[in-house]
Amino acid sequence: MDKANKAIKCSVSQCAYHCGDKGYCTLDTIQVGTHEVNPTQKECTDCESFATKI
């Protein structure tokens with residue numbers, strides 16, 4: 001498995017870039033976006049780098 005990027009914490013184990021049980025992402029960078037016109041809560045944001053684990 002790729003090396004954990006300790007600058008990016010992640011708890012989404014269903015993502016292809018999740019670093020096992022370590023709680024980190026394996027990507028060098030991620031893209032964060034929103035699905036709302038006027039985001040006001042953290043639930044309005046999305047990790048646009050997410051990829052489903054195969």
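The values are calculated or read from the model by the stated rules, or taken from the named source; none is laboratory data. Small disclaimer: the values here were computed from a predicted structure and weren't measured. Every residue, glycine among them, receives a Cβ derived from its backbone with ideal geometry; neighbour counts consider all protein chains shown. The protein model used for the area step is the full one, side chains on, heavy atoms only, and it has no ligands, DNA or RNA in it. Shrake-Rupley method; radii C 1.70, N 1.55, O 1.52, S 1.80 Å.
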Three semi-axes of the equivalent ellipsoid, the chain, Cα gyration tensor, whole Å, largest first: 22, 11, 9
Considering only DSSP states other than H, G, I, E and B, which GluC sites (Glu not before Pro) in segment 1-51 qualify as loop sites with at most 15 other Cβ atoms within 10 Å? 36, 48
Using a Förster distance of 22 Å, the FRET efficiency for residue 13-residue 36 (Cβ separation, nearest 0.05): 0.30
No other cysteine beta carbon under 4.7 Å away is the test; run it over the chain and list who passes. 15, 19, 44, 47
Accessible area of residue 15 in the full protein assembly, 1.4 Å probe (Å², nearest 10): 10
Heavy-atom accessible area of residue 6 with all protein chains present, probe 1.4 Å, nearest 10 Å²? 150
